[in-house]
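Notes follow the structure.
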Amino acid sequence: MTCSVCGHQWKSTDGSLCDTLLGCECPHCGEELKVENTLKRKTQQIGYYSVISTCGGFQIIRVSQFRYVSRKGEPIKFYSHEVVQRWISADGKVTDMALLRGFSFCYCDLWALNSDMEIRPHNPLYDDVCLWGYVYPRMRTLPQLKRNGFNGDFYGIFPVSLFKALLSNPKMETLIKEGKIEELKYFISNPNNADELWASYLIAKRHNYHINNIGMWCDYLRMLLNLGEDIRNPKNICPDDFVEAHDGVIRRIEAKREKENAKRQRLYEIERREREQQRLLQEKQREENFIAQKSKFFGLVISDNEISVKVLESIDEYYLEGKTQNICVFGSGYYSKPDTLILSARIDGEIIETVEVDLKTLRVIQCHGKNNKDTEYHNRIISLVNDNSDQIRKRMTA
C-alpha cells in the first residue's frame, strides 16, 4: 500500500490489499484514502480556481491553474500558476489578459507557463476555465457593483456575465434589486430577449401579472410576434390561463406553418408546370430546327452490300446512338450543328461506328465505334462515305 498524500508505504497484516476496497486510513498521516489496485507510479489532476478582486478602478477575476502530482513513495506536490485575468471596467467592458497556449483542439491545459501575461483576443476557453473552477469566497468588489445590487451571491451565474450585466445594463440592476433572480438569469443568458421584450415585461409587472416561467413566457411573446400580434397589449401578454393561451398560440403557429407550406407547394407546382411547358417548347423548337436543317438528307443510305451507312433522322435516334455507343453525339448536341451530318454505320442493323461529315467539305471529320474506339471496319467506313459524297451533295442542292 502506498499513500498518495505523504508517500508512506506499508503492507496489510493479512496479506490482502485492505480490509475493504472501499477505503482505508494511512497509518502515517491519517488521511482517508480510496483504494485503487493499479501499477501506475504517478498520478496527477488539474483544476482551476478564481480570485475576485479590484485593481485601479477595475473589477478583476484572476484565474489560476492548480495541479497535484503524486509519485509512488514521495509526498504529494501541488503547483499553481495564474493563467488568465478578466479585467472589467466600471462601464462593463471586459478585457482579457492571458498566457500563451499550445495549439490543440482537444486539450485545453496546454499553457505556456513561461510566457508573459498579455492582452489577448477573447477565447471561449477563458470562459470555460472560469466555469470549471472554484471561486475563493473572500472577494473585493467595485463600489459600483454594490450600488447596483451585488451582495456577494452569484446565484449560479457566471461571475464575468453577472458583473458585466450589472455594470452595463440597468435592466439587470432592476431585476437583482427586486429579487427577480430567475428573470435575471434568463435575461443574462438571452440578451436579445432582454432588449426586445423588456417593455412587455414592464407592462406585465405593472398589471401585477405573475410569471411562473420566464422562459416559456418569452417564447409565448415570440410566437405572438410571429403571428403579428401586439405584445404591448395586456390582453395578449397577461392571459388568465397562460398554459391554454400558450398551447393555443402553438396551434396557430402550426396552422400558419401548414398554410405557408401549402402555398409554397402550390407555387412550386405552378413553377414546375411552367418549367415543363418551357422544356417541351424548347424540345419542340429543337426538333423543328433539326428537321429544317437535316430533313433533306432523310432516307439517305450509303452501302457496299455489307456495311450500310444511314443518316440519323431524329433527335431520339441521336440519343439512342449515343447511349448504345457510349459517345457524346447526343450530349454534345451534334443534332443542332448546321454544318455537320451524322450517319450511323451498321451491319445487319447493329451499330458499328458513328460518322461525322463536314457539310462544307463533304469529308469525314471523325468516325469511331463504341467508347470512341475504332473497329476493324474503320478505314473501310471512311472510304465508303468519302467515295459517295456526291450523294450528300445532291441532297444539298435538291
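The values are calculated or read from the model by the stated rules, or taken from the named source; none is laboratory data. Computed from a predicted model, the values in this text were never measured in an experiment. Here the Cβ is made from the backbone with ideal geometry for all residues, glycine too, and neighbour counts use every protein chain on show. Each accessible area value is taken on the protein alone, full model and side chains, heavy atoms only, with ligands, DNA and RNA left out. Shrake-Rupley method; radii C 1.70, N 1.55, O 1.52, S 1.80 Å.
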Close pairs from region 139-153: first touching a residue at least 40 places away in the same chain (Cβ under 8 Å), partner open to solvent by 70 Å² or more (accessible area, probe 1.4 Å), Cβ under 8 Å, at least 6 apart: LEU142/PHE58
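So, in region 351-371, of the ones that are open to solvent by 90 Å² or more (accessible area, probe 1.4 Å) and in contact with a helix residue (DSSP H, G or I) (Cβ under 9 Å, 6 or more places away or on another chain), which residue ends up farthest from LEU341 (Cα to Cα)? It would help to see each step written out before you state the result.
Step one: list which residues in region 351-371 are open to solvent by 90 Å² or more (accessible area, probe 1.4 Å), which gives 360, 363, 365, 370.
Within this subset, residues satisfying the condition of being in contact with a helix residue (DSSP H, G or I) (Cβ under 9 Å, 6 or more places away or on another chain) are 363, 370.
Details: ARG363: 10, LYS370: 19 Å.
So, considering only residues that are open to solvent by 90 Å² or more (accessible area, probe 1.4 Å) and in contact with a helix residue (DSSP H, G or I) (Cβ under 9 Å, 6 or more places away or on another chain), the one farthest from LEU341 (Cα to Cα) is LYS370.
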Please work out if ARG393 is part of a strand (DSSP E or B) and not β-branched (Val, Ile, Thr). no
Go through region 25-112 and tell me which strands (runs of 3 or more DSSP E), entirely inside it, have 2 or more residues that are open to solvent by 70 Å² or more (accessible area, probe 1.4 Å) and either modelled with pLDDT of 95 or more or basic (Lys, Arg) (or both). 58-71
Any chance region 153-169 includes a residue that's more than 18 Å from VAL63 (Cβ to Cβ) and more than 36 Å from the chain's Cα centre (by Cα)? yes
Among residues of region 226-268, those that are of a type in the set (Val, Ile, Thr), closer than 21 Å to GLU196 by Cα and over 28 Å from the mean Cα position of the chain (by Cα), counted: 3
For region 238-277, which residues satisfy the criterion of being open to solvent by less than 50 Å² (accessible area, probe 1.4 Å) and part of a helix (DSSP H, G or I)? PHE242, ALA245, HIS246, GLY248, VAL249, ILE253, ALA262
Within region 298-317, is even one residue touching a Leu at 6+ places or on another chain (Cβ under 8 Å) and part of a helix (DSSP H, G or I)? no
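Step by step: first the residues of region 113-128, then only those that are under 18 Å from GLN59 (Cβ atoms) and not hydroxyl-bearing (Ser, Thr, Tyr), then the one that is most open to solvent (accessible area, probe 1.4 Å). Which residue is that? Write out each step before concluding.
First pass over region 113-128, keeping only residues under 18 Å from GLN59 (Cβ atoms): 117, 119, 122, 126-127.
After this cut, where a residue has to be not hydroxyl-bearing (Ser, Thr, Tyr) as well, the list is 117, 119, 122, 127.
Numbers: MET117: 51, ILE119: 121, HIS122: 101, ASP127: 40 Å².
So the residue we want is ILE119.
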Take region 195-230 and flag every residue that is surrounded by 18 or more Cβ atoms within 10 Å (Cβ to Cβ) and among the hydroxyl-bearing types (Ser, Thr, Tyr). SER200, TYR201, TYR220
What are the residues in region 278-291 that are over 45 Å from the mean Cα position of the chain (by Cα) and either under 18 Å from HIS368 (Cα atoms) or open to solvent by less than 80 Å² (accessible area, probe 1.4 Å) (or both), if any? GLU287, ASN289, PHE290, ILE291
Conditions: (1) farther than 17 Å from ILE188 by Cα; (2) open to solvent by 80 Å² or more (accessible area, probe 1.4 Å); (3) at pLDDT below 90; (4) among the hydrophobic types (A, V, I, L, M, F, W, C). LEU131 meets all but one. Number of the miss? (1)
Any residue in region 5-34 that's under 18 Å from GLU74 (Cα atoms): show its pairings with residues that are in a loop (DSSP other than H, G, I, E, B) and at pLDDT below 65 at Cβ separation under 8 Å, as long as the two are six or more apart or on different chains. LYS34/LEU22
Looking only at region 304-324, filter to residues that are surrounded by 12 or more Cβ atoms within 10 Å (Cβ to Cβ) and touching a residue at least 40 places away in the same chain (Cβ under 8 Å); which one of those is farthest from THR340 (Cα to Cα)? ASP304
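Restricting attention to region 325-337, does a residue exist that is part of a loop (DSSP other than H, G, I, E, B), closer than 14 Å to ILE382 by Cα and either in contact with a Phe, Trp or Tyr (Cβ under 8 Å, 6 or more places away or on another chain) or free of Cβ contacts under 8 Å to residues at least 24 places away in the same chain (or both)?
Applying the first criterion (part of a loop (DSSP other than H, G, I, E, B)) to region 325-337 yields 326-333, 337.
Filter again for closer than 14 Å to ILE382 by Cα, leaving none.
No; the residues of region 325-337 include none that is part of a loop (DSSP other than H, G, I, E, B), closer than 14 Å to ILE382 by Cα and either in contact with a Phe, Trp or Tyr (Cβ under 8 Å, 6 or more places away or on another chain) or free of Cβ contacts under 8 Å to residues at least 24 places away in the same chain (or both).
Residues are listed down the side, and each one gets a yes or a no for (1) out of contact with any helix residue (DSSP H, G or I) (no Cβ under 7 Å at 6 or more places or on another chain); (2) on the phi > 0 side of the Ramachandran plot; (3) open to solvent by 20 Å² or more (accessible area, probe 1.4 Å):
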site	(1), (2), (3)
LEU142	yes, no, no
PHE154	no, no, yes
LYS171	no, no, yes
LEU184	no, no, no
With respect to THR375, determine if the residue is surrounded by fewer than 18 Cβ atoms within 10 Å (Cβ to Cβ), more than 25 Å from ASN305 (Cβ to Cβ), polar (S, T, N, Q) and without any contact (Cβ under 8 Å) to a residue 24 or more places away in the chain. no
Region 129-198: helices (runs of 4 or more DSSP H) wholly inside it with 1 or more residues that are touching a strand residue (DSSP E or B) at 6+ places or on another chain (Cβ under 9 Å) are 143-147, 159-168
